[in-house]
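*Asks:* This is the structure I want to talk about, given as structure tokens.
The values are calculated or read from the model by the stated rules, or taken from the named source; none is laboratory data. Values in this document were obtained by computation on a predicted structure and should not be read as measured data. For neighbour counting, all protein chains shown are included, and Cβ atoms are generated from backbone atoms with ideal geometry for every residue, glycine included.
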Amino acid sequence: MTREEFLRWGHAGIAEWINGEVITMSVRNEHQRVVDFLNRLIGIFVELFGLGILRSAPYAMRVAPDGNIREPDLMFVRMANYQRLTPDLLDGPADLVVEVVSEESVARDYDHKFVEYQNGGVREYWIIDPRPDRRRVSFFVLGPDRLYRPVALDEAGVYRSTVLPGFWLDPAWLWPPQEQGDPDALRALVRMIGPEAVMSALKAR
């Protein structure tokens, strides 16, 4: 399939165009739980503070003009880069990309996309692995040499984003005890910035 045919395809579900080949993907419950939580958490934070826009698959991204067409699980675009958003896809790199690993996407997320996003200029890349025998989060930030460097959690055990000012993530939020159900985005947001900051941001809007 050509790149143009892929963009006109109108497919359901998640699919990517890789060097002329279309790769379709399915997602399992644990994968979607994490994606839905982060979509709510980051989406509300971004909206509250007017930082930009958050998009999720199947909206696509092409980091290089003639490159592959990926459908990241989540991608954040700063207001300064709105011009990259087109009706069909994000034409250029997102400022932040989040990929949630599934059994069939390990090499794709850790290796292939890592190189593409790094070379394409995605400033932050999060790889979240929710598989029961893994459950780890890897954070990468693009350095002055245009190479990703891993960023460790701070002394409080949280990751502080360089792209989303004031945003931090406690990986423990991603996999609460099973009896508690899905992760609670609103509770996490209040813990992150405090109830007073939430009310102040709401009033300002």
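*Asks:* For region 57-72, what are the residues that are of a type outside the set (Gly, Ala, Ser) and assigned to a loop (DSSP other than H, G, I, E, B)?
*Replies:* Restricting attention to region 57-72, the residues satisfying the condition of being of a type outside the set (Gly, Ala, Ser) are 58-59, 61-63, 65-66, 68-72.
Within region 57-72, 58, 59, 63, 65, 66, 68, 71, 72 qualify.
*Asks:* Suppose we filter 152, 172 for residues that are among the small types (Gly, Ala, Ser) and modelled with pLDDT under 95; which single one remains?
*Replies:* Details: 152 fails: modelled with pLDDT under 95.
Of 152, 172, the one residue that is among the small types (Gly, Ala, Ser) and modelled with pLDDT under 95 is 172.
*Asks:* May I pose another question? With the structure loaded, tell me whether residue 113 is modelled with pLDDT under 90, over 19 Å from residue 37 (Cβ atoms) and part of a helix (DSSP H, G or I) or whether it fails that test. Outline the logic, then answer.
*Replies:* Working: modelled with pLDDT under 90: no; over 19 Å from residue 37 (Cβ atoms): yes; part of a helix (DSSP H, G or I): yes.
Here the answer is no, as residue 113 does not meet what is asked.
*Asks:* Same structure, new question: Give the residues of region 148-173 that are surrounded by 10 or more Cβ atoms within 10 Å (Cβ to Cβ) and farther than 23 Å from residue 197 by Cα, sorted by residue number.
*Replies:* 148, 149, 151, 153
*Asks:* Every residue in region 177-199 that is within 25 Å of residue 33 (Cβ to Cβ) and surrounded by fewer than 16 Cβ atoms within 10 Å (Cβ to Cβ), please. So that I can check it myself, show each step before the final result.
*Replies:* The initial filter retains those residues of region 177-199 that are within 25 Å of residue 33 (Cβ to Cβ), namely 177-193, 198.
Passing the criteria: 177, 178, 179, 180, 181, 182, 186, 187, 190, 191.
*Asks:* From the residues in region 64-83 that are among the charged types (D, E, K, R) and crowded, with 17+ Cβ neighbours inside 10 Å, which one is farthest from residue 21 (Cα to Cα)?
*Replies:* 78
*Asks:* Tell me, yes or no, whether region 138-147 has at least one residue that is of a type in the set (Phe, Trp, Tyr) and either loosely packed, with under 12 Cβ neighbours inside 10 Å or part of a helix (DSSP H, G or I) (or both). Walk me through it before giving the result.
*Replies:* Of all residues in region 138-147, those of a type in the set (Phe, Trp, Tyr) come to 139-140.
Subset that is either loosely packed, with under 12 Cβ neighbours inside 10 Å or part of a helix (DSSP H, G or I) (or both): none.
Within region 138-147 (the criterion being of a type in the set (Phe, Trp, Tyr) and either loosely packed, with under 12 Cβ neighbours inside 10 Å or part of a helix (DSSP H, G or I) (or both)), the answer is no, since none of the residues qualifies.
*Asks:* Against the condition within 20 Å of residue 76 (Cβ to Cβ) and at pLDDT 95 or above, how does residue 205 come out, does it pass?
*Replies:* When the stated conditions are applied, residue 205 does not pass them.
*Asks:* Just one of 104, 124 is of a type in the set (Asp, Glu), in contact (Cβ under 8 Å) with a residue 12 or more places away in the chain and within 18 Å of residue 23 (Cβ to Cβ); which is it?
*Replies:* Working: 124 fails: within 18 Å of residue 23 (Cβ to Cβ).
Selected residue: 104, the only one of 104, 124 that is of a type in the set (Asp, Glu), in contact (Cβ under 8 Å) with a residue 12 or more places away in the chain and within 18 Å of residue 23 (Cβ to Cβ).
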